[in-house]
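Colleague: My questions all concern the structure below.
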Amino acid sequence: MQYLVMTGLSVCSYQFMYLPLCLFLRTWISGNDITFLYSPDVNHCQLLCTQHPSCLFFTFIRADWTHDDRHFYCYLKSTPSGEPSAQTPVQGATSGFSLKSCSPDPQPCLSEVYQNMDFPGADYRYLFTGDHEECQRVCTQDPACQFFTFAQENFSITKIRYKCHLKFSWTVPRTPVIERKFLFVAYVSFPNVFPLLNLACQRKLFPNTGIAGRDIESLPAASPEHCQILCSTHPRCTYFTYNRNSMGMWRTTLEANSKPIAQVTIKCGIYEGDALSPLLVAYEGVDFKGSDIRYELMDDADTCQKTCTEDPHCQFYTYVDETFFDRSYWRHCFLKRVITIPAPPKVITLTNVVSGFSLKNCA
Ligand SMILES: *[C@@H]1O[C@H](CO)[C@@H](O)[C@H](O)[C@H]1NC(C)=O
């Protein structure tokens, strides 16, 4: 941990007894870049790193970066050793560490508003409001809204002035890749979904039924029920189709604006009730590939499920039992998660607009 005190440029706080939380201003951390995501500020970038399954530290490119036109890039990084391989002083970047070990709130309050910053894309609705505070209030009250961009009264294009764009990003776990293997047992829990699911509840699933309509998004889901949860939280999804193609991959299509045909009833009660248990559904024969936080060896899938439930970072798991062809994976319980904080698809500078997040998670 000696690198935590390496430079006079670092800003540390000691709110957690043994773990100074430092941001290294004007520092580029070298390490394997896992990926980059857009982020409006360094604190949001740090939260992205914290929620990413394998990110250990990050470098955020601020607006005052002058080396090239990358701005608001949040590089998520890791090294096999778990420590940065080097830190280089540079103007316009801030680096720091994941807060994974601090038990961070999985749904933090993002109260900052950003003047002259646009979050382009991800729009699902707009309206006109008097100011950005009202726009943010509308966003907070709309269950689907995660962030917004508001054009101020002096915005260059007259007809867009006072326009409040409401925007959506997934805050329920989507599984990145799902492979169908009858030798696995996997599991998903959706603790974050509850606040969003007091919608009119459509209890029915329609097996062997395709829906003609415009696909708004196609993504993997473990089961028709998982697909239904994803559809329920998407502001433009009214119906979904769930199917499995001949390659053994599972796919989900969220569809809008069309009518389903045949019927079968499923229990809708699984979306309501007490804090966790109703949504604990085990999916046998499904592997959620990647997104591993860590693995542990254990005797059965039930223990793996319990371990996942007790770990605040774990959203879903894969357990490999002794029927799997490769012995080296036997008894492995892989605990998994994906990023669920609101994340704009892009962040750019734009004069006289204000962007920000919904205040749903703010007390
Ligand atoms: C545009 O209006 C906003 C809000 O009133 C103000 O903060 C900002 O400074 C104005 N920009 C210019 C260039 O006048």
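Colleague: I'm trying to understand the selection: among the residues of segment 129-154, which are assigned to a helix (DSSP H, G or I) and closer than 23 Å to THR340 by Cα? Steps first, answer last, please.
Modeller: Going through segment 129-154, the residues assigned to a helix (DSSP H, G or I) turn out to be 132-141.
Across segment 129-154, the qualifying residues are CYS135, GLN136, ARG137, VAL138, CYS139, THR140, GLN141.
Colleague: May I ask you to verify whether SER85 is in contact (Cβ under 8 Å) with a residue 12 or more places away in the chain and either away from the ligand (no atom under 16 Å from the Cβ) or under 18 Å from THR340 (Cβ atoms) (or both)? Give the steps one after another, and end with the answer.
Modeller: Numbers: in contact (Cβ under 8 Å) with a residue 12 or more places away in the chain: yes; either away from the ligand (no atom under 16 Å from the Cβ) or under 18 Å from THR340 (Cβ atoms) (or both): yes.
Against the criterion (in contact (Cβ under 8 Å) with a residue 12 or more places away in the chain and either away from the ligand (no atom under 16 Å from the Cβ) or under 18 Å from THR340 (Cβ atoms) (or both)), SER85 qualifies.
Colleague: ASP64 - would you say it is free of Cβ contacts under 8 Å to residues at least 24 places away in the same chain and either over 30 Å from ASN154 (Cβ atoms) or surrounded by fewer than 17 Cβ atoms within 10 Å (Cβ to Cβ) (or both)?
Modeller: On the way: free of Cβ contacts under 8 Å to residues at least 24 places away in the same chain: no; either over 30 Å from ASN154 (Cβ atoms) or surrounded by fewer than 17 Cβ atoms within 10 Å (Cβ to Cβ) (or both): yes.
So ASP64 does not fit the description; no.
Colleague: Return the residue satisfying two criteria in turn: it lies in segment 68-95 and is touching a Gly at 6+ places or on another chain (Cβ under 7 Å) and open to solvent by 10 Å² or more (accessible area, probe 1.4 Å), and of such residues it is nearest to ASP33 (Cα to Cα). Please lay out each step first, then the result.
Modeller: The first filter runs over segment 68-95 and keeps only residues touching a Gly at 6+ places or on another chain (Cβ under 7 Å), leaving 77-79, 84-85.
Subset that is open to solvent by 10 Å² or more (accessible area, probe 1.4 Å): 78-79, 84-85.
Values: SER78: 7, THR79: 9, PRO84: 11, SER85: 12 Å.
Applying the filter and picking the extreme gives SER78.
Colleague: On the basis of being exposed (fewer than 14 other Cβ atoms within 10 Å of the Cβ) and more than 16 Å from the ligand (Cβ to nearest atom), does SER98 make the cut? Don't jump to the end; show me each part of the working.
Modeller: Working: exposed (fewer than 14 other Cβ atoms within 10 Å of the Cβ): no; more than 16 Å from the ligand (Cβ to nearest atom): yes.
No.
Colleague: Now for a different question. Might you check whether a residue that is closer than 21 Å to TRP170 by Cβ, part of a strand (DSSP E or B) and among the aromatic types (Phe, Trp, Tyr) occurs anywhere in segment 115-128?
Modeller: Scanning segment 115-128, I find at least one residue that is closer than 21 Å to TRP170 by Cβ, part of a strand (DSSP E or B) and among the aromatic types (Phe, Trp, Tyr), so the answer is yes.
Colleague: Do we have ALA186 as away from the ligand (no atom under 16 Å from the Cβ), at pLDDT 55 or above and either open to solvent by less than 30 Å² (accessible area, probe 1.4 Å) or part of a strand (DSSP E or B) (or both) here?
Modeller: Working: away from the ligand (no atom under 16 Å from the Cβ): yes; at pLDDT 55 or above: no; either open to solvent by less than 30 Å² (accessible area, probe 1.4 Å) or part of a strand (DSSP E or B) (or both): yes.
Here the answer is no, as ALA186 does not meet what is asked.
Colleague: Considering VAL353, VAL347, which residue is within 16 Å of the ligand (Cβ to nearest atom), among the hydrophobic types (A, V, I, L, M, F, W, C) and either open to solvent by 40 Å² or more (accessible area, probe 1.4 Å) or closer than 30 Å to PHE72 by Cα (or both)? Show your work before the answer.
Modeller: Numbers: VAL347 fails: within 16 Å of the ligand (Cβ to nearest atom).
After applying the criteria, what remains is VAL353.
Colleague: Output the residues belonging to segment 347-361 that are in contact with a Phe, Trp or Tyr (Cβ under 8 Å, 6 or more places away or on another chain) and closer than 14 Å to TYR38 by Cβ.
Modeller: VAL347, ILE348, SER355, PHE357, listed by residue number.
Colleague: Here is a follow-up. Note down all Cβ pairs under 9 Å where the first residue falls in segment 152-170 and is over 26 Å from ARG236 (Cβ atoms) and open to solvent by 20 Å² or more (accessible area, probe 1.4 Å), the second is within 11 Å of the ligand (Cβ to nearest atom) and assigned to a helix (DSSP H, G or I), and they're at least six residues apart or on different chains.
Modeller: Note: pairs meeting the criteria are GLN152/HIS132.
Colleague: Out of (1) at pLDDT 80 or above; (2) farther than 24 Å from ILE34 by Cβ; (3) more than 16 Å from the ligand (Cβ to nearest atom), what's the single condition that is false for PRO278?
Modeller: Going through (1) at pLDDT 80 or above; (2) farther than 24 Å from ILE34 by Cβ; (3) more than 16 Å from the ligand (Cβ to nearest atom) one by one, PRO278 breaks only (1).
Colleague: Which count do you get for residues in segment 110-139 that are away from the ligand (no atom under 14 Å from the Cβ), on the phi > 0 side of the Ramachandran plot and at pLDDT 95 or above?
Modeller: 0
Colleague: Within segment 145-171, track down each residue that is away from the ligand (no atom under 11 Å from the Cβ) and more than 27 Å from the chain's Cα centre (by Cα).
Modeller: Here is the first cut: in segment 145-171, the ones away from the ligand (no atom under 11 Å from the Cβ) are 145-149, 157-160, 162-171.
Answer for segment 145-171, where residues must be away from the ligand (no atom under 11 Å from the Cβ) and more than 27 Å from the chain's Cα centre (by Cα): ILE157, THR158, LYS159, ILE160, TYR162.
The values are calculated or read from the model by the stated rules, or taken from the named source; none is laboratory data. Small disclaimer: the values here were computed from a predicted structure and weren't measured. Heads up, the Cβs are rebuilt from the backbone with ideal geometry, glycines too, and the neighbour counts pull from every protein chain shown. Accessible surface is based on the protein model in full, side chains and every heavy atom, while ligands, DNA and RNA are left aside. Shrake-Rupley method; radii C 1.70, N 1.55, O 1.52, S 1.80 Å.
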